[in-house]
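*Asks:* Handing you a structure now.
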There are 2 protein chains.
Amino acid sequence: MPAPRTDVDRIFHALGDPTRRAIVETLSQGPQSVSSLAAPLAVTLAAVVQHMQILEESGLVQTEKVGRTRTCRLRPAGLTVLERWVNERRLLWERRFNRLGSILDES
Amino acid sequence: MPAPRTDVDRIFHALGDPTRRAIVETLSQGPQSVSSLAAPLAVTLAAVVQHMQILEESGLVQTEKVGRTRTCRLRPAGLTVLERWVNERRLLWERRFNRLGSILDES
DNA sequence: ATAATGCTTAAGTATAAACTTGACTATTCG
DNA sequence: CGAATAGTCAAGTTTATACTTAAGCATTAT
């Protein structure tokens, strides 16, 4: 049985693909429609739609359809999950040296 | 011709795999040998060796072989690249609202 | 010296991911 | 109204990835 996918899982998986990361990078400059996101990319519109589903499920992007166009915008909360993960790793890593320091202080 | 892989590329690709992320999470608690990293994982030692190559090429992990054991340790600089990427995205995103605010102030 | 440990490499397999095409629906434009 | 635009959906294909097994090579332990 495969372990259930967590937020962190989905976010890292989403950003692991260069095309999706490019989409997120574009969206960080402001909301865009699906087709305008597709335009500069070397893939079809259908491919971008598929990427968008993954990005949305990960919580990195939020979309809203008005009329026939779907507007996609970045969800900063998604980035926050990522940021927390990084900070936690760094913290654990650096804490080791503090602890080591304390031990040395005691001697 | 495929675009050259950047640091950011390699790092996100490396962390996109759950097994590799588990390895990084373990290493954030301190250096470990390849086989001790493999022990709790549901994959063979050979698989971990392969993951380690990818992690090392990404710059997230540094390894050093002494005798017959290879010790792996986290390289905080790798995390920093990630952190910078996140901050930049967030900054760009939020800057939009500041600019919008300035425009509104002027009116 | 022998055995066990720790890792490395090569080769092959299996699964998952990304992408395409083609058909289709819903909206907006002229 | 018809034509163009924007997106959606379903297959099917191809490529990349993760993984395994098996063999081999140092290094350390007995």
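The values are calculated or read from the model by the stated rules, or taken from the named source; none is laboratory data. Keep in mind that what you see is a predicted model, and the values were worked out from it rather than measured. Here Cβ is always computed from backbone atoms with ideal geometry, including for glycine, and neighbour counts include all displayed protein chains.
*Asks:* Out of A:27, A:74, A:41, report the one residue that is hydrophobic (A, V, I, L, M, F, W, C), in contact with a Cys (Cβ under 8 Å, 6 or more places away or on another chain) and at pLDDT 95 or above.
*Replies:* A:27
*Asks:* Given the structure, is residue B:92 closer than 30 Å to residue B:34 by Cβ, hydrophobic (A, V, I, L, M, F, W, C) and either modelled with pLDDT of 95 or more or in a helix (DSSP H, G or I) (or both)?
*Replies:* no
*Asks:* Here is a further query. Would you say residue A:73 is part of a strand (DSSP E or B) and at the interface with chain B (Cβ under 10 Å from one of its Cβ atoms)?
*Replies:* yes
*Asks:* Among the residues in region B:14-24, are any free of Cβ contacts under 8 Å to residues at least 12 places away in the same chain, within 17 Å of residue A:92 (Cβ to Cβ) and at the interface with chain A (Cβ under 10 Å from one of its Cβ atoms)?
*Replies:* Looking through region B:14-24, at least one residue is free of Cβ contacts under 8 Å to residues at least 12 places away in the same chain, within 17 Å of residue A:92 (Cβ to Cβ) and at the interface with chain A (Cβ under 10 Å from one of its Cβ atoms).
*Asks:* Can you tell me which of (1) at the interface with chain B (Cβ under 8 Å from one of its Cβ atoms); (2) within 16 Å of DNA strand D (Cβ to nearest atom); (3) at negative phi is the one residue A:88 doesn't meet?
*Replies:* Against the list (1) at the interface with chain B (Cβ under 8 Å from one of its Cβ atoms); (2) within 16 Å of DNA strand D (Cβ to nearest atom); (3) at negative phi, residue A:88 comes up short only on (2).
*Asks:* When region A:62-91 is examined, which residues are found to be acidic (Asp, Glu), surrounded by fewer than 14 Cβ atoms within 10 Å (Cβ to Cβ) and away from DNA strand C (no atom under 16 Å from the Cβ)?
*Replies:* A:88
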